[in-house]
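The block underneath contains the structure these notes are about, expressed in structure tokens.
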Amino acid sequence: QLQASGGGLVQAGGSLRLSCAASGRTLTNWIMGWFRQAPGKEREFVAQITWNLGTPTYADSVKGRFTISRDRAKNTVDLQMNSLKVEDTAAYYCAAKAGSARQYGYWGQGTLVTVSS
């Protein structure tokens with residue numbers, strides 16, 4: 001089970017930190033990710049991190065502004081979002097997949113991020 005939190009309203013240029021708590025299984029060899037879906041648009045990849053080594057990957061649109069991290073003791077994955085832009089407005093979803101899986105198979109509920117100009 002994945003539980004996302006931390007969304008809210010922020011002005012452009014501001015920061016927010018999202019958190020995703022995972023429960024019900026060990027995450028060894030898993031990959032945790034964040035996706036987002038803006039109104040009227042398809043869901044898109046934002047960032048992911050390997051649970052074992054903490055290796056991050058980012059979408060070009062957030063590179064240099066967002067940082068994904070994981071806390072193995074707490075079983076959480078955070079997304080620190082800085083220099084937010086109006087176009088970052090979306091519902092953000094955390095997701096998980098086994099390292100060998102081609103697609104993400106586990107999804108949390110969305111948390112809404114609204115960036116005002």
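Scanning the range 27-50 for residues that are free of Cβ contacts under 8 Å to residues at least 40 places away in the same chain and among the hydrophobic types (A, V, I, L, M, F, W, C) yields F45, A47, I49.
In the range 55-84, the qualifying residues are those that are of a type in the set (G, A, S) and at pLDDT 95 or above, and the one that is nearest to L27 (Cα to Cα) is S69.
Evaluated against (1) among the small types (G, A, S); (2) under 13 Å from the mean Cα position of the chain (by Cα); (3) open to solvent by less than 30 Å² (accessible area, probe 1.4 Å), S69 falls short on exactly one condition, (3). Hey, K74 hits all of (1) open to solvent by less than 40 Å² (accessible area, probe 1.4 Å); (2) part of a loop (DSSP other than H, G, I, E, B); (3) more than 19 Å from L112 (Cβ to Cβ) but one; which does it fall short on? Only one criterion is unmet by K74, namely (1).
Do we have E87 as under 20 Å from T114 (Cα atoms), free of Cβ contacts under 8 Å to residues at least 40 places away in the same chain and among the acidic types (D, E) here? Judged against the criteria, E87 is not a match.
Looking for something open to solvent by less than 70 Å² (accessible area, probe 1.4 Å), among the acidic types (D, E) and either touching a Ser or Thr at 6+ places or on another chain (Cβ under 9 Å) or not in a strand (DSSP E or B) (or both) - is there at least one such residue anywhere in the range 77-90? Checked against the condition, which is being open to solvent by less than 70 Å² (accessible area, probe 1.4 Å), among the acidic types (D, E) and either touching a Ser or Thr at 6+ places or on another chain (Cβ under 9 Å) or not in a strand (DSSP E or B) (or both), the range 77-90 yields at least one hit.
Going residue by residue through the range 31-40, is there one that turns out to be in a loop (DSSP other than H, G, I, E, B) and more than 16 Å from T111 (Cα to Cα)? Yes, the range 31-40 contains a residue that is in a loop (DSSP other than H, G, I, E, B) and more than 16 Å from T111 (Cα to Cα).
Only one entry in N29, N75 is at positive phi and out of contact with any strand residue (DSSP E or B) (no Cβ under 6 Å at 6 or more places or on another chain), namely N29. It is to be established whether one or more residues within the range 56-64 are assigned to a loop (DSSP other than H, G, I, E, B), in contact (Cβ under 8 Å) with a residue 60 or more places away in the chain and open to solvent by 60 Å² or more (accessible area, probe 1.4 Å). No - not one qualifying residue is present in the range 56-64.
The values are calculated or read from the model by the stated rules, or taken from the named source; none is laboratory data. From a predicted model like this one, the values you see are computed outputs, not experimental measurements. Ideal geometry is used to build each Cβ from the backbone, glycine not excepted, and the neighbour counts take in all protein chains shown. Side chains are part of the model used for accessible areas, which takes the heavy atoms of the whole protein and leaves out ligands, DNA and RNA. Shrake-Rupley method; radii C 1.70, N 1.55, O 1.52, S 1.80 Å.
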